[in-house]
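Taking it in order: structure first as structure tokens, then the write-up.
The values are calculated or read from the model by the stated rules, or taken from the named source; none is laboratory data. The model shown is predicted, which means the values in this text are computed figures rather than measured ones. Every residue, glycine as well, gets a Cβ built from its backbone with ideal geometry; the counts of neighbours run over all protein chains shown. Remember, those area values only see protein heavy atoms, side chains included, never the ligands or the DNA or RNA. Shrake-Rupley method; radii C 1.70, N 1.55, O 1.52, S 1.80 Å.
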Amino acid sequence: MKRIIAIGGGELRERTTLKIDEYIANLAKERAGDKRANALFIPTASHDFMPYYNTFHKVYTGVFDIKTDVALTVFKEVDMERMRAKFEKADVIYVGGGDTIFMIESWKESGLLNLIKDAYERGVIIAGLSAGAICWFSDIYTDSLKTDDGEKYAMFKGLGWLDGVVSPHYNQRIEDFDKIVAENFSSAYGIEDDSAIIIEDGEIVGTLSSGGNVYRLKGNGDLTKEKM
């Protein structure tokens, strides 16, 4: 089974997503069986910000007793054999938040995207927050667009592994995203901070909450929405 857990946002350091992290950790342990589960953290979107990985390690090792490793590619040439070995050990891959578009382009350039895709096809659990949640979809609402006035939210094309239009941090972007969906799309998903959707074999099969909610939006002129 191919699984993605897409987390709309939240603060790993403050453990606001802990109920979701527990679900992810239990999936990893189930996949690992009798051996200790391994988690591979990918911080590309934050430009390989190591304190982010340290926080991930404190939660997933300190709380859930999962061994962790990190895939660093931004500031160094990738040793593909060593990197491939990291991916082969992983029971779960967790993709951190940050600059979604930079992350996708960097993955393509470094070769990491092929390793992630292979792991996904093998049934390694994919989890991610914000950028790491939305990149898999066909159409994504993100603040990765840089303008003279700073960052600006806009629609981009994602990797297209999953069909759908999606926004993370939906609780912070309701008005703008609702307007975009109403005018341009027949349906979309808004994932609030501290909430997640569970995707199995390309289909959304459930949601998770550590305080937030997930909404299905329907557009084409009018807008209606329902909590999932």
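HN-Hα J couplings of segment 70-87 from phi, Karplus 6.51/-1.76/1.60, θ = phi - 60°, integer Hz, Gly and Pro as x?
Taking θ as phi minus 60°, the curve returns 9, 9, 9, 9, 6, 10, 8, 6, 7, 7, 5, 5, 5, 5, 4, 5, 4, 5 Hz for segment 70-87.
Which whole-number percentage describes the relative contact order of the chain, with Cα contacts under 8 Å and a sequence gap of 6 or more?
Values: 515 pairs, mean separation 54.2, N = 228.
With pairs under 8 Å counted, the relative contact order is 24 percent.
Of the candidates E88, E200, E175, which one comes out as most mobile in a Gaussian network treatment of the chain with C-alpha springs shorter than 10 Å?
In this elastic network of the chain, the residue with the biggest mean-square fluctuation among E88, E200, E175 is E175.
With a ≥ b ≥ c taken as the square roots of the eigenvalues of the C-alpha gyration tensor of segment 37-130, please select rounded if a/c is under 1.5 and otherwise prolate if a/b is larger than b/c or oblate if it is not?
The shape class here is oblate.
Which whole-Hz ³J(HN,Hα) couplings does segment 24-32 yield from phi under the Karplus relation 6.51 cos²θ - 1.76 cosθ + 1.60, θ = phi - 60°, glycine and proline marked x?
Whole-Hz 3J(HN,Hα) from phi for segment 24-32: 4, 4, 5, 4, 5, 5, 4, 5, 6.
Modelling each spin label as a point 7 Å along the Cα-to-Cβ direction, I'd like the S138/H47 distance in nm, to one decimal.
Each label point lies 7 Å from its Cα, and together they span 3.4 nm.
Identify all lysines with a Cα-Cα distance to K157 below 21 Å; exclude those on the same chain that are fewer than 8 residues away in sequence.
K157 reaches K108, K117, K146, K179, K218.
Find how much the distance from E183 to S209 grows on full extension, using 0.36 nm per residue of separation minus their present alpha carbon separation; answer in nm with one decimal. Walk me through the numbers on the way to the answer.
On the way: separation 26, 0.36 × 26 = 9.36 nm, distance 2.88 nm.
Fully extending the segment from E183 to S209 adds 6.5 nm.
In whole percent, how big is the carbon plus sulfur part of the accessible area of segment 8-90, probe 1.4 Å, protein atoms only? Please report the intermediate quantities before stating the final value.
Working: 2170 of 4520 Å².
C and S fraction of accessible area: 48 percent.
I need the shape label for segment 93-228. Rule: rounded when a/c is under 1.5, else prolate if a/b > b/c, else oblate, with a, b, c from the alpha carbon gyration tensor.
Oblate shape, in that a/c is at least 1.5 and b/c is the bigger or equal ratio.
Please list, by residue number, every one of the GluC sites (Glu not before Pro) in segment 15-80 that is coil in DSSP and has at most 16 other beta-carbon atoms within 10 Å.
Working: sites: E22, E30, E77; in loops: E77.
Qualifying residues, ordered by number: E77.
What is the percent carbon and sulfur in the accessible area of segment 94-228, measuring with a 1.4 Å probe over the protein chains and ignoring ligands? Walk me through the numbers on the way to the answer.
Values: 2450 of 5920 Å².
The nonpolar share, carbon plus sulfur, comes to 41 percent.
Counting just the Cα atoms, what span does segment 45-93 cover along each of its three principal axes? Round to the nearest Å and put the largest first.
32, 23, 12
Once amide H atoms are built 1.01 Å from N in the peptide plane, which residues 5 or more positions from A37, or in another chain, come under 5 Å H to H?
Amide H neighbours of A37: K67.
What figure, in Å² to the nearest 10, do you get for the accessible area of V205 with a 1.4 Å probe and non-protein molecules left out?
80
First check a/c for segment 3-83, with a ≥ b ≥ c the square roots of the eigenvalues of its C-alpha gyration tensor; if it is under 1.5, answer rounded, and if not, answer prolate when a/b is larger than b/c or oblate otherwise. Numbers along the way, then the final one.
On the way: a/c = 1.88, a/b = 1.24, b/c = 1.51.
The shape class here is oblate.
Starting from the Cα of K19, step 7 Å along the direction of its Cβ; do the same at E105; then give the gap between the two resulting points in nm.
Here the modelled spin labels are 3.8 nm apart.
Can you give the angle from 0 to 90° between the axis of helix 50-60 and the longest principal axis of the chain, with both taken from C-alpha atoms, to the nearest 10?
Computed tilt is about 80 degrees.
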